[in-house]
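S.K.: The structure that follows is given in the form of structure tokens.
Bear in mind that the values in this text are calculations on the coordinates, not laboratory data. Since we're looking at a predicted model, the values are computed, not measured. FYI the Cβ positions are ideal-geometry reconstructions off the backbone, even for glycines, and counts take in every protein chain you see.
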Amino acid sequence: MSTKQKPDAVALLKEDHRKVEKLFESFEKAHDAGKKQALVREICTELCIHAIIEEEIFYPACKDRIKEEDLLEEAYVEHDGAKVLIAELLDSEPDAEFYDAKVSVLSEMIKHHVKEEEKRSEGLFAQAKEAGLDLENLGQRLMERKEALKDEFQHGANLPSPHTRSFTGHELVQDTPVQASAASR
Ligand SMILES: [Fe+2]
Ligand SMILES: [Fe+2]
């Protein structure tokens, strides 16, 4: 979407979804480690920016306005679940064990989440439209925040660890890695 067009919040968010889907498809076809890592960084950057603008602007605007508030709560939890994998991927290399598996599980999680947002008539976006939210005003705010975050994150070179909204930040403790436990049997 060009910045000259009047953005509509739902159209802008859907455009982000399509972009990330394409990046995941490119990852599936990529073999070169450098290419894979660059794609993963791009995917994580896109997802982080998208999650922030939804959580700061779009979701709060939906609160107390849409029919099914459960959907909104689940959306926050799904975002936070994805952030765990994003943090893992940002901290690992393509030759690491489980790297590709983490990317494909992240892709599946995002597919599910996007479906919940875009589902006809009962999805979050449909409910936001039905509630009569000012999508043009929201679109403008989403776009401005997105541009600011793009500058701040510098195409992923300056990407901070994802911040959770619904997870309270328990530390995960790694037990014996899968390979090592198989070897000791
Ligand atoms: Fe979304
Ligand atoms: Fe979302």
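S.K.: Please state the Cα pair-distance histogram of the range 98-161 with 10 angstrom bins from zero: what percent is in each bin?
M.R.: Distribution as computed: 18, 26, 39, 16, 1 percent.
S.K.: Right, next: Relative to the first principal axis of the alpha-carbon coordinates of the chain, what is the inclination of helix 69-90, with its axis defined by its Cα atoms, in degrees from 0 to 90 and to the nearest 10?
M.R.: 40
S.K.: Right, here's the next one. Translational D (Stokes-Einstein, µm²/s) of the range 133-185 at 25 °C and 0.890 mPa s when Rh comes from the Kirkwood sum over C-alpha pairs?
M.R.: The Stokes-Einstein estimate is 159 µm²/s.
S.K.: Expressed as a rounded percentage, what relative contact order does the range 15-134 have, with Cα pairs under 8 Å and six or more residues apart?
M.R.: For the range 15-134, the relative contact order is 27 percent.
S.K.: With θ set to phi - 60° and the Karplus curve 6.51 cos²θ - 1.76 cosθ + 1.60, what are the ³J(HN,Hα) couplings of the range 147-156 in order, to the nearest whole Hz, using x for Gly and Pro?
M.R.: My calculation for the range 147-156 gives 4, 5, 5, 4, 5, 4, 8, 6, 6, x Hz in order.
S.K.: Quick one: which of Lys14/Lys67; Lys63/Lys129; Lys19/Lys83; Lys14/Lys129; Lys67/Lys150 span more than 24 angstrom between C-alpha atoms? Show your work: numbers first, answer last.
M.R.: Working: Lys14/Lys67 21 Å; Lys63/Lys129 13 Å; Lys19/Lys83 18 Å; Lys14/Lys129 14 Å; Lys67/Lys150 32 Å.
Violating the 24 Å Cα-Cα cut-off are Lys67/Lys150.
S.K.: Per residue and in Å³, how big is the convex hull formed by the alpha-carbon atoms of the chain?
M.R.: 136
S.K.: Right, something else. Ranked from highest to lowest mean number of other Cβ atoms within 10 Å per residue, what is the order of the peptides 146-152, 50-56, 103-109?
M.R.: On the way: 146-152: 13.6, 50-56: 20.7, 103-109: 17.1.
By packing density, highest mean first, the sequence is 50-56, 103-109, 146-152.
S.K.: Students often get this wrong: which residues of the range 159-185 have the backbone nitrogen under 19 Å from the point 7 angstrom along Cα-to-C-beta of Ala101?
M.R.: 172-185
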